Amino acid sequence: MRDLYAAVDARDVDGLVARFAEGIRYRSGNAEPVVGRAALLAASSAHTELIPGIVHHFRQVWEKGAWAVVLADVDYTCANGAVVRVPAATVIHRRPDGLIDDIRIIADLSPVRNESSRNLS
């Protein structure tokens, strides 16, 4: 798990894509799921414009077979330079070949969105 999150925090798109199955299903909070590598990359690009930095601080990691659950505090650097920390839980599923085909993130990003919208006008 740590290598996956190191790629996320480094914004290593190639490193992330190499870990994802073509039909990956990604869902963050109550947003509609994003399905497929191309759709996930497009969504990630939009996210990077609003959130230029991200750092995960692990609290707990459980792995059992194909499933992993990660609890972390996540520092988001907003476009205005402010850093907002939010707790998050992520559920990850891997296929038998090791590629990730399902990611579900549970986090309230409203404090990040609120901070990101300040001082941008």
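Assorted remarks:
- Value of [θ]222 nm, deg cm²/dmol, for the chain, DSSP H segments ≥ 4, -39500 (n - 2.57) each, nearest 500: -7500 deg cm²/dmol
- Per residue, the average separation of C-alpha pairs within less than 8 Å and at least 6 apart gives the chain a relative contact order of 23 percent.
- Mean separation of Cα contacts under 8 Å, 6 or more apart, over the residue count of region 46-117: relative contact order %: 26
- Counting only protein heavy atoms and a probe of 1.4 Å, the accessible surface of the chain is 54% carbon and sulfur.
- A full extension of the chain between W62 and R113 corresponds to an added length of 15.5 nm, given 0.36 nm per residue minus the alpha carbon distance.
- 15 Å beta-carbon shell around W67, net charge (K/R +1, D/E -1): +2
- Solvent-accessible area per residue in region 30-121 equals 60 Å², computed with a 1.4 angstrom probe and all protein chains kept.
- Kirkwood radius, the chain, all distinct C-alpha pairs, inverse of mean reciprocal distance: 14.9 Å.
- Pairwise label distance in nanometres, T48 with D75, each label 7 Å out on the Cα-Cβ vector: 2.1
The values are calculated or read from the model by the stated rules, or taken from the named source; none is laboratory data. Every value quoted in this text rests on a predicted model; they were computed, and no experiment measured them. A quick note on method: Cβ atoms are made from the backbone with ideal geometry, for glycine too, and the neighbour counts reach across all protein chains shown. Only protein heavy atoms, including side chains, enter the accessible area calculation; ligands, DNA and RNA are left aside. Shrake-Rupley method; radii C 1.70, N 1.55, O 1.52, S 1.80 Å.
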